[in-house]
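Take a look at the structure below.
Here, each number is a calculation from the coordinates, and none is a lab measurement. None of the values given here were measured: they were computed from a predicted structure. Here the Cβ is made from the backbone with ideal geometry for all residues, glycine too, and neighbour counts use every protein chain on show.
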């Protein structure tokens, strides 16, 4: 099965931010900060947006790019002028959009309530402290002799130099509250009629029938992704999953090995690109590349062997508990839902709609690993319980909960969901159009050529 793994996003971004600015040598505040910070980089409603206003948004945008690239084993190129200009433009858009919202909020006579202001203050404090803690951790990881207090002081200084301040966190938190209230005001008269819902349902039902009959696996994927279903293809059933998973400690070790394997895959890709760039190879170059690829193969084999061994150990640890759960699941009058609560480690089975119904599974499904799918489809009739099903996640005990009836889903069954989706869609469309109109009225001008990061 596929389970999302939690990410330490704040720590990752902070670490990447340290690396980005260490590598780039960028300084967002000049050696004469008073003068440099006043350099006008953009105008909105004729009012200046200074370089100092953009430092924090620029740093945050750059760190987000770094985090995104790192997910694919890549690093950002801070010497790429085109890339840097795109980051600058994103920062400018962030600041100008915030000022546009503030102007429209005031023009409409709106104001944040004391409770909203207090919540913004709390959010700002939490966000800023999270950045400090994460940055401090990154500094201490790179310098084991650095004390906690010193790391905090250095983190605050570094964040301040990059424009990531408590004031920036507060501006962001207030902007979020303003955007919410502004959207509510703009869209307060938006409605969805019953006739609108019927028309939308007919359209979606026809589209889903065409799609799901041609590719039944997409039905299961859509269900798992929370899509409102108006048509069901043949061949699906609901299956409940009692997973006795490997321990968190073993999984952490497996994740580390998987990360090493991913790095090796990236190294292989780079080597293949280098080889291709050589064109026709002479004998010596061919031998060199062959040797390098062989080294990567050896590394893969070593890591895979470590992974297999660690996974086997993890499964061995939980097998007695899995067998105990199986015996209870097979007993007459067994309460499978209660066993999931007592033994299960699949978080999906504790959340609706899967807690009540189970997972949608068919012969064509691609949402689950093959061992799970095959065992689920081998069950003969509703109420049947599988033996232990071994996968990389541990041991599964599966219950054939019920069949999923094929054919049209009555509009009445999903009327509330459709109304909510259509309302949100219309509100988004109206608000986005309003923002587009306001942006045009704001007469934004940009002077990116004035924005020298090294000044």
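Taking the chain as the reference, fit the longest principal axis to its C-alpha atoms, fit the long axis of helix 148-161 to the helix C-alpha atoms, and give the angle between the two in degrees, 0 to 90, nearest 10.
Long axis of 148-161 versus the principal axis of the chain: about 60 degrees.
Return the calculated 222 nm mean residue ellipticity for the chain, to the nearest 500 deg cm²/dmol, obtained by summing -39500 (n - 2.57) across DSSP H runs with n ≥ 4 and dividing by the residue count.
On the way: 15 runs with 290 residues, N = 455.
Using -39500 (n - 2.57) per qualifying helix, the result is -22000 deg cm²/dmol.
What does the C-alpha gyration tensor say about the overall shape of the stretch 307-455? Classify as rounded when a/c is under 1.5, otherwise prolate if a/b is larger than b/c, or oblate. Can you show the working numbers first?
Working: a/c = 3.50, a/b = 1.77, b/c = 1.97.
Verdict is oblate for the stretch 307-455.
For a footprinting-style exposure proxy, rank 38, 275 by other Cβ within 10 Å, fewest first. Each step should come with its number before you reach the end.
On the way: 38 12, 275 17.
In increasing order of surrounding Cβ atoms, one gets 38, 275.
Going by the alpha-carbon gyration tensor, a ≥ b ≥ c the square roots of its eigenvalues, is the stretch 112-236 rounded (a/c under 1.5) or, if a/c is not under 1.5, prolate (a/b greater than b/c) versus oblate?
Working: a/c = 5.16, a/b = 1.86, b/c = 2.78.
Oblate, since a/c reaches 1.5 and b/c is not below a/b.
Between 0 and 90 degrees, rounded to the nearest ten: what's the tilt of helix 283-330 against the longest Cα principal axis of the chain?
So the inclination is approximately 60 degrees.
Give the shape of the stretch 55-143 as rounded, prolate or oblate, defined through the alpha-carbon gyration tensor: a ≥ b ≥ c are the square roots of its eigenvalues, a/c under 1.5 means rounded, and otherwise the shape is prolate if a/b is larger than b/c and oblate if not. Working shown, then result.
On the way: a/c = 3.49, a/b = 1.42, b/c = 2.46.
Oblate.
In whole percent, what relative contact order does the chain give with Cα contacts below 8 Å and a gap of six or more residues?
Working: 547 pairs, mean separation 115.7, N = 455.
Relative contact order comes out at 25 percent.
Sorted from largest to smallest, which semi-axis lengths in Å does the alpha carbon gyration tensor of the stretch 135-197 give for its equivalent ellipsoid, taking the root of 5 times each eigenvalue?
Values: eigenvalues 430, 41, 9 Å².
For the stretch 135-197, the ellipsoid semi-axes come out as 46, 14, 7 Å.
Quick one: Debye curve from the alpha-carbon atoms of the chain only, equal weights, vacuum; give me log10 I(q)/I(0) at q = 0.12 Å⁻¹ to two decimals.
So the normalised log intensities are -1.29.
Given the convex hull over the Cα atoms of the stretch 102-182, what projected area results after averaging over all orientations, in nm²? Walk me through the numbers on the way to the answer.
Numbers: hull surface 24.0 nm².
Directional mean of the projected Cα hull area for the stretch 102-182 stands at 6.0 nm².
To make sure I understand, if each residue's beta carbon is the centre and we count other beta carbons within 10 Å, what order do 90, 425, 291 fall in, fewest to most?
Numbers: 90 16, 425 13, 291 9.
Starting with the residue having the fewest Cβ neighbours, the order is 291, 425, 90.
Could you state the angle between the C-alpha long axis of helix 166-186 and the longest principal axis of the C-alpha atoms of the chain, as a value from 0 to 90 degrees rounded to the nearest 10?
Approximately 70 degrees, to the nearest ten.
How far is the Cα center of the stretch 83-148 from the Cα center of the stretch 183-220, in Å?
Cα centroid to Cα centroid, the span is 36 Å.
Would you compute the Debye intensity of the stretch 170-250 from its alpha-carbon atoms alone, equal scatterers and no solvent, and pass along log10 I(q)/I(0) at q = 0.12, 0.15, 0.17, 0.22 Å⁻¹ to two decimals?
-0.72, -0.82, -0.84, -1.00
Pairs of Cα atoms under 8 Å, at least six residues apart: use those to get the relative contact order of the stretch 238-403, whole percent. Don't skip to the answer; put the middle values down first.
On the way: 193 pairs, mean separation 69.4, N = 166.
RCO, the stretch 238-403: 42 percent.
May I have the pair-distance distribution P(r) for the stretch 82-122, computed from all Cα-Cα distances with 5 Å bins from 0 and rounded to whole percent?
All Cα pairs, binned at 5 Å, distribute as 5, 20, 14, 18, 17, 11, 8, 5, 1 percent.
Using alpha carbons only, what's the Rg to Rh ratio of the stretch 238-403 with Rh from Kirkwood? It would help to have the intermediate numbers written out before the result.
Working: Rg = 21.6 Å, Rh = 18.6 Å.
Across the stretch 238-403, the Cα-based Rg/Rh ratio is 1.16.
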